[in-house]
C-alpha cells in the first residue's frame, strides 16, 4: 500500500479515557494556579543493569579506594581480625546511591555517562 | 471587534484572563491532542505534552500580541513541546530495559485503528524525532513548508527532503508488512 492510497481524513484511530476532555480544563487550570509544578511522565522506566557502566564504576572505585587507603590515619584502617591474623576484609558498598556520589567526585556529567552507556 | 480580538483582549486583562484561558483550553484541546497524539502515540504521553503545551502558553501569554491566530500560536508550542518530549523519551529508552517493541499498539486500549492505521502509526513511530514531526505536520496537518520552517528552524529544502525520505521509509514499512 502506498501513502497516496491511505485515506487519512475519515477516522482517527485514537481513543481517550472516558471523561478525559471534560476534566482536562480543570486539571490544566489547577496546575496554572499552582506555579512551579512540572509534568511527571506516567511511563515507568527502569535503569539498565549496572554492568553497562561497570568500567566507570571500576575506575571510580579504584580511585576512591586508593585515596581512602592513602588518606586515612592508621587507626582508621580495617583491623586484622584476632581470629584470622592474615585476613583483612574490605567491603565496598557500590549501591546506586554511592554511584551517584562517585560520578560527582569524578566530575562526570550525565551526558558523558549516557553517551558511554549507549555506545 | 472580532471574536478572536475580544478573546485576546480578555486574555490580556488580568481580571478576565483565567476565564478566557479556560475557554482557550476548551476550544483547542481536542485538535491539539490529536496532533500531539500522532507524534507521541500513547495517550499518557499525549496528555503530558498537551498539558505542558497549555502551561507554556499560559506562561507566555504576556508575549502573545495576536500577530497570529491563537490556534496557530498554540500549534507551534505544541509541536516544540512534542519534539522536546520525543527527544527526551528516546534518550530515556536508550538507557532502559523497556524496548519500544514491547509496547504493542494493537493491545493499546486507546488505539482503535484498523490494520492499515496500525501499520502507519508503527511506521511513524520508527522515524527520527524531527522527521516524525515533518511528516505529521505535512501529511496530517497540511502545513506549508514555509510554516514548518518557521516552527522547526529548518530550511524549506531540508524539510522537503526529510518529508520525501519519511514517505519512502513508511511505504517501505508497508511493503515489508505485506
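Every number in this text was worked out from the coordinates using simple rules, so none of it is lab data. Given the structure is predicted, the values throughout are model-derived calculations rather than measurements. Here the Cβ positions follow ideal geometry from the backbone for every residue, glycine too, while neighbour counts run over all protein chains shown.
Couple of notes before you dig in:
- Mean partner shielding of peptide B:150-156, defined as the number of other chain Cβ atoms within 10 Å of each residue Cβ, is 0.
- Segment B:20-178 - percent relative contact order, Cα under 8 Å, separation 6 or more: 23
- 10 Å Cβ neighbours from other chains, averaged over peptide B:106-119: 3
- Length-normalised contact order for segment B:102-178 - Cα pairs under 8 Å, 6+ apart - percent: 33
- Virtual paramagnetic centre 7 Å along Cα→Cβ of residue B:15, amide N under 20 Å, in segment B:38-74: B:62
- Solvent-free Debye scattering, log10 I(q)/I(0), computed from the Cα coordinates of segment B:114-178 at q = 0.24, 0.26 Å⁻¹: -0.97, -1.08
- Residues B:72, B:53 arranged by fewest to most Cβ contacts within 10 Å: B:72, B:53
- Order by protection proxy (mean Cβ within 10 Å, highest first), peptides A:27-33, B:127-133: B:127-133, A:27-33
- In range of the label at residue A:21: residues from segment B:36-59 whose backbone nitrogen is under 19 Å from the point 7 Å along Cα→Cβ: B:36-55
- The alpha-carbon positions of chain B define a convex hull whose volume is 135 Å³ per residue.
- Per-residue average of Cβ from other chains inside 10 Å of A:12-23: 6
- Seen against the Cα atoms of chain B and their longest principal axis, helix B:156-177 is set at about 40 degrees.
- Separation between Cα centres of segment B:145-178 and segment B:104-135, rounded to whole Å: 15
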